[in-house]
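In what follows, a structure is listed as structure tokens, so that the remarks can point back to it.
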Amino acid sequence: MKNQQKGLSLIEVMVSLVILVVGLIGIFNLHIIAKRGSFESFQQTQAAYLANDIVNRMKLNKAQLPGYAGTYEGKLTLPSAVCDVAVNVNIVCSNGESLAWDLYQWEQNINGASEQLRNKNVGGLDSPTACISVTGNAVMVVMTWRGISETSDGAAKQNSFVKGCGSSDKRRRIFIVETVII
């Protein structure tokens with residue numbers, strides 16, 4: 001009598017399933033790591049955009065340059081004069097009114113007010129703090145935010161101004177722009 005095997009044995013099926021599960025777990029973990037990296041990259045891109053945004057606003061309002069110095073965490077109130085030329089082209093604001101509007105609008109962008117989901121800001125940085133230093137024409141803009149995973153404090157090897165911007169934490173990320181406005 002000939003013994004012919006038809007189909008797969010239970011052990012072969014179990015081994016195949018174990019190999020498949022191990023592969024799927026690896027793919028799932030890779031997906032999670034990619035999502036985290038994508039979010040970290042998005043946050044850094046946002047910080048770079050926002051830092052350059054305030055530098056450009058400062059260039060347009062050079063007369064008020066020292067007034068831009070400070071620490072910003074989203075606590076400014078809406079100024080009395082709305083100097084948004086995108087809304088009203090015929091608006092005329094003083095340099096001081098433009099300064100107040102620039103800082104308010106910029107701070108709102110840092111906190112993500114331009115993108116909302118269920119009345120919650122979602123477009124900005126995670127736990128942001130921005131610090132601006134103005135010395136003559138030299139400007140330093142420091143953007144700090146909270147990253148996803150712990151690495152090291154981004155300000156550990158920086159000067160005291162940078163270290164003082166935001167909360168000291170192993171998840172603190174920092175983006176710095178230094179420029180001269182002439």
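A few notes on this one:
- In segment 80-135, the GluC sites (Glu not before Pro) that fall in loop regions by DSSP, at most 15 other Cβ within 10 Å: 115
- Each of 14, 52, 27 was scored by the projection of its Cα onto the charge dipole of the chain, and the greatest displacement toward the positive side belongs to 14; charges sit on the C-beta of Lys, Arg, Asp and Glu.
- Net charge dipole size for segment 29-109 [Lys, Arg +1 and Asp, Glu -1 on Cβ; Debye, nearest 20]: 200 debye
- For segment 99-139, averaging the sequence separation of C-alpha pairs within contact (under 8 Å, six or more residues apart) and dividing by the residue count gives a relative contact order of 26 percent.
- Across the options 83, 119, 109, the greatest Cα extent toward the positive end of the charge dipole of the chain (unit charges at beta carbon of Lys, Arg, Asp, Glu) belongs to 119.
- Whole-Hz ³J(HN,Hα) from phi, Karplus 6.51 cos²θ - 1.76 cosθ + 1.60, for segment 163-177, glycine and proline x: 4, x, 8, x, 8, 5, 6, 6, 9, 6, 10, 9, 10, 10, 10
- Between 0 and 90°, nearest 10: helix 95-110 axis offset from the chain longest Cα axis: 10 degrees
- Residue-averaged [θ]222 nm for the chain, counting only DSSP H segments that reach four residues, each worth -39500 (n - 2.57): -13500 deg cm²/dmol
- Most fluctuating residue given options 109, 119, 56, as computed from a GNM of the chain linking Cα atoms under 10 Å: 119
- Using a Förster distance of 30 Å, the FRET efficiency for residue 157-residue 28 (Cβ separation, nearest 0.05): 0.25
- Student exercise, the chain dipole from Lys, Arg, Asp, Glu Cβ charges, in Debye to nearest 20: 640 debye
- Considering only alpha-carbon pairs that sit under 8 angstrom and 6 or more positions apart, the relative contact order computed for the chain is 19 percent.
- Farthest toward the positive end of the dipole of the chain, out of 43, 182, 164, is the Cα of 43, where the dipole comes from beta carbon charges about the Cα centre.
- Using C-alpha pairs under 8 Å with a sequence gap of at least 6, the mean separation divided by the residue count of segment 80-182 gives a relative contact order of 19 percent.
- Shown here for segment 127-170: trypsin sites (Lys or Arg not before Pro) in loop regions (DSSP other than H, G, I, E, B) with at most 14 other Cβ atoms within 10 Å, namely 157, 170.
- Efficiency of FRET between residue 35 and residue 120 - r from beta-carbon atoms, R0 22 angstrom, step 0.05: 0.65
- Placing dummy labels 7 Å off each Cα toward the beta-carbon, the span from residue 42 to residue 8 is 3.8 nm.
- Protection proxy ranking for 64-71, 36-43, using the average of other Cβ atoms within 10 Å per residue and placing the highest first: 64-71, 36-43.
- Over 31 Å (Cα to Cα) - which of 120/163; 59/170; 62/170 fall in this group: 59/170; 62/170
Read-outs throughout are calculated quantities, based only on the coordinates presented, and are distinct from any laboratory measurement. Predicted model only: the values in this text are computed from it and were never measured. Note: ideal-geometry Cβ built from the backbone for every residue, glycine included; neighbour counts use all protein chains shown.
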